[in-house]
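**Student:** First, the structure itself, so that you have it in front of you.
Where a number appears in this text, it was derived from the coordinates with a stated rule and is not lab data. Because the structure is a prediction, the values reported are computed rather than measured. Don't worry about glycine lacking a Cβ; one is built from the backbone with ideal geometry, like all the others, and counts go over all protein chains shown.
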Amino acid sequence: MDDASVPLTDRIDVNVPSVARMYDYLMGGKDNYPADRAATEELLEQVPSTKVLAVNNRAFLRRVVRRLAEDYGIRQFVDHGSGLPTQDNVHEVAQRVDPECRVVYIDNDPIVLAHGRALLEQNANTAVIHADMRDTEAVWSHPDVKRLIDTEQPVAVLFVSVLHCIPDRDDPAGVVRRAAAKVPPGSFLVVCQLVSEDEETRRGVTEFMDRTTGGNWGEVRREADVLRFLEGTELLEPGLVEVSTWRPDSDLAPRQPSMEWIEYGGVGRIR
């Protein structure tokens, strides 16, 4: 959890790349440092489609949130591993549908906490908390979660492009399962993560990211592994897919150009 007694500057090591700041760099953001940019450029040499993948993943998040708010009446969203604020954040998409939508962002990167709180200072229906998403009880007992999220009403629980940051030894499926147990039937799980069916790509990227981020990485997985994250839910059409093909806004919407690795996932209704 957040420790206000420790200055923010003492909690940010700008010499160790951060997944959140690397993603920010891929998205054209400015909240990143030389170490983040160097690591991202090295990753792009290994898997050149990564930048397009990041853009398509963000578009997937926007579509899912809009669809859940417009078509399914969801008014509460809990975004695990939200990363740094960028264009069209969850609260912006949801609150365009209904200004009363409530959103909680969760991240363990202190720079996300600082930027998020500055961005959301005037938005009473939105909060960002500094927590480890693996600590389900700490997340769901947080005062801001209790203030904003009514667990008697349907909630969208988001794990978008973040489960690959959790190694298998920490049981990412268990993390999802525990979060799902906090919300009522009729809620939704949104899950996607980096996958590859090529063993060399999985091993190479996983080793690179684990080494680069100082061990703050998990696993590039197979498509079949993602299914277990949504076991027990009713998958919305079109099921589990490469995310640029999940309910695209038009036939002209951008598609993932290469399958070297992809964001793979979908949406499940909790029964």
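**Student:** If each of D71 and R211 carries a label point 7 Å out from its Cα toward its Cβ, how far apart are those two points in nm?
**Tutor:** Inter-label distance under the simple model: 4.3 nm.
**Student:** Give the cross-link partners of K30 among the aspartates and glutamates, using a straight C-alpha distance below 17 Å as the criterion and excluding same-chain residues fewer than 8 apart.
**Tutor:** D13, E41, D88, D109
**Student:** Follow-up question, since we're still on this one. Specify the inter-centroid distance of segment 26-89 and segment 213-244, based on alpha-carbon positions, in whole Å.
**Tutor:** Using only Cα atoms to place each centre, the spacing works out to 16 Å.
**Student:** Lys and Arg at +1, Asp and Glu at -1: add these up for the other residues within a Cβ distance under 15 Å of E199 and post the number.
**Tutor:** -4
**Student:** Which one, A94, P172, S82, is farthest towards the positive end of the dipole of the chain when Lys and Arg carry +1 and Asp and Glu -1 on their Cβ?
**Tutor:** Ranked along the dipole, the leading option is A94.
**Student:** If you don't mind, another one. Starting from the 7 Å offset along Cα-to-Cβ, what nm value, one decimal, do you get for the label separation of E42 and E234?
**Tutor:** Result: 4.8 nm between the two label points.
**Student:** Now for a separate question. For the chain, give the magnitude of the charge dipole about the Cα centre (Cβ charges: +1 Lys/Arg, -1 Asp/Glu; no others), in debye to the nearest 20.
**Tutor:** Computed about the Cα centre, the dipole is about 640 debye.
**Student:** Now for a different question. Which of the lysines could a cross-linker span from K146 if the Cα-Cα distance has to be under 22 Å and same-chain partners fewer than 8 positions apart are dropped?
**Tutor:** Within the straight-line cut-off, K146 pairs with K182.
**Student:** When the helices in the chain are scored as -39500 (n - 2.57) per DSSP H run of 4 or longer and the sum is shared across all residues, what 222 nm value do you end up with, to the nearest 500 deg cm²/dmol?
**Tutor:** The helix contribution divided over the chain gives -11500 deg cm²/dmol.
**Student:** I would also like to ask the following. Rounded to whole Å and sorted largest first, what semi-axes of the equivalent ellipsoid does the C-alpha gyration tensor of segment 72-190 yield via the square root of 5 times each eigenvalue?
**Tutor:** With the √(5λ) rule applied to segment 72-190, the semi-axes are 20, 18, 13 Å.
**Student:** Which value in nm describes the separation of the simple spin-label points at D170 and E199, placed 7 Å from the Cα toward the beta carbon?
**Tutor:** Result for the modelled spin labels: 2.7 nm.
**Student:** Let me ask another. Once Cα extents along the principal axes in Å is worked out from the coordinates, which option in [x] 51, 40, 35; [y] 56, 33, 32; [z] 47, 46, 36 does it equal?
**Tutor:** Identified label for the calculated read-out: [z].
**Student:** Picking from N15, Q193, G73, whose Cα lies most toward the positive end of the charge dipole for the chain (charges on Cβ: Lys, Arg +1; Asp, Glu -1)?
**Tutor:** G73
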